[in-house]
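For reference, the structure discussed in these notes is given below.
The values are calculated or read from the model by the stated rules, or taken from the named source; none is laboratory data. Since this is a predicted model, take the numbers as computed values, not measurements. Note that we place each Cβ from the backbone using ideal geometry, even for glycine, and neighbour counts take in every protein chain shown. Keep in mind that these areas ignore ligands, DNA and RNA; they rest on the heavy atoms of the full protein, side chains included. Shrake-Rupley method; radii C 1.70, N 1.55, O 1.52, S 1.80 Å.
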Amino acid sequence: MEVDQLVWNYGRKGEPPIQVLWIGHHTVILRQSKRTSYEAPFLYLLFGSVRAILFDTGATRDPARFPLRETVDDLMASWLSSHPHAEPYELIVAHTHAHGDHVAGDAQFHDRAHTTIVPHSPEDVAKFFGLTSWPEGRALFDLGGRILTVFPIPGHQKASIAVYDPDTEFLLTGDTVYPGRLYVQDSEAFRQSLERLSAFVDAVPISRVMGCHIEMTRTAGRDFPIGATYQPREAPLPMTSRDLKEVAQAAKESLNKRGVHRRDRFIIYQGQPMGALLVHAVRLLLSRVTSPERS
């Protein structure tokens with residue numbers, strides 16, 4: 001099934017801890033179940049002829065609850081069975097940014113052979129990918145016949161990056177652009193990053209803008225309550241270049257305006273106003289209605 005039409009697991013009874021979707025033969029999207037973490041982040045595994053790279057490791061450290069290492073090992077074994085490799089095949093574990101729901105599973109890979117885990121600071125990320133003028137500039141990262149473009153996009157978090165994959169024409173945007181609540185740590189950095197992203201999508205073919213969460217419903221402008229562990233009728237994960245440009249415009253209009261700025265497909269939180277979080281908490285309590293599918 002195509003990623004645009006897929007109904008992702010959203011906290012239903014009996015769903016697996018990790019949902020897996022192959023995109024063609026060389027790309028995998030994984031989603032952590034809401035039954036293990038309400039964050040339910042998306043992870044991206046990309047294969048090249050020399051190495052694979054995993055972007056993000058989810059929100060749960062415990063492999064018994066969230067068997068990420070086992071899942072990735074199985075996926076890599078499956079890919080290598082069709083793409084034999086004489087030398088040891090390397091895995092890079094990198095991150096779209098350093099928040100806990102994107103790095104918690106790192107520990108599962110610490111003893112894995114032929115594996116490099118990229119540390120989380122902006123300095124370490126810049127050094128690993130060869131980004132010499134952070135937060136400006138770009139770098140190319142070769143997986144072997146598959147060259148990614150990596151560039152800094154701080155604002156949501158200091159170490160945030162975007163990744164462009166020409167094979168799928170996906171632009172991976174982490175928690176900077178996705179159908180949900182876009183929390184802004186640094187308003188001016190966020191605006192500048194969105195301005196650079198907006199210019200980038202004008203220069204290359206973009207099939208989809210792929211973030212790391214779904215928090216919007218299928219009703220325009222309506223999100224699920226913060227902390228929700230059951231989200232039927234989620235908005236689609238993929239966004240478009242046009243959506244990204246709308247985020248860029250909203251970032252400009254909301255610059256240094258602390259509060260909640262709502263649009264049809266996303267919501268910008270400039271800071272985290274306690275009043276808004278309290279409203280969400282009340283909505284969450286009111287939404288906890290018993291459901292046979294959910295229980």
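Observations on the structure shown:
- Three-way shape label, the stretch 48-91, alpha-carbon gyration tensor, a/c 1.5: prolate
- Amide H to amide H, with H built 1.01 Å from N, T57 comes under 5 Å of V103, A104, G105, counting only residues 5 or more places away or on other chains.
- Accessible surface, per residue, of the stretch 4-146 when the full set of protein chains is kept, probe 1.4 Å, Å²: 44
- Ligands, DNA and RNA left out, the 1.4 Å accessible surface of the stretch 1-149 is 52% carbon and sulfur atoms.
- Between S49 and G144, G145, R146, the built amide H atoms are under 5 Å apart, and every one of these is 5 or more places off in sequence or on another chain.
- Top of A228, A203, A113 by mean-square fluctuation, Gaussian network on the chain, Cα under 10 Å: A203
- When the chain is treated as a Gaussian network with alpha carbon springs shorter than 10 Å, the biggest mean-square fluctuation among H26, H114, H156 belongs to H114.
- Listed by chain and number, the lysines whose C-alpha is less than 25 Å from the C-alpha of K13, apart from same-chain residues fewer than 8 away, are K34.
- FRET efficiency for S121 and A86, using Cβ-Cβ distance with R0 set to 35 Å, rounded to 0.05: 0.50
- Helix-derived mean residue ellipticity, 222 nm - over the chain, DSSP H n ≥ 4, -39500 (n - 2.57), to 500: -7500 deg cm²/dmol
- The stretch 25-119 shape via C-alpha gyration tensor axes, a/c threshold 1.5: prolate
- Sites listed here are trypsin sites (Lys or Arg not before Pro) in the stretch 108-151 whose DSSP assignment is loop and whose Cβ has at most 15 other Cβ atoms within 10 Å: R112.
- Of the DSSP H helices in the chain, those whose Cα atoms cover at least 20 Å axially and whose Kyte score averages -0.5 or more: 68-82, 187-203
- For the stretch 6-55, applying the loop criterion from DSSP together with a ceiling of 16 other beta carbons within 10 Å to the trypsin sites (Lys or Arg not before Pro) yields R12, K13.
- With at most 13 other Cβ atoms within 10 Å, longest stretch of the chain clear of loop GluC sites (Glu not before Pro) (DSSP): 3-135
- Measuring nothing but how far apart in sequence close Cα pairs (under 8 Å, 6+ apart) lie, relative to its length, the chain scores a relative contact order of 15 percent.
- A cut-off of 5 Å between modelled amide H atoms, ignoring neighbours fewer than 5 places along the same chain, links E90 with A52.
- The structure-derived value of Cα Rg over 2.2 N^0.38 Å appears in the list (1) 1.02; (2) 0.97; (3) 1.11 under the label (2).
- Three-way shape call for the stretch 203-262 based on the alpha-carbon gyration tensor, with the a/c threshold at 1.5: oblate
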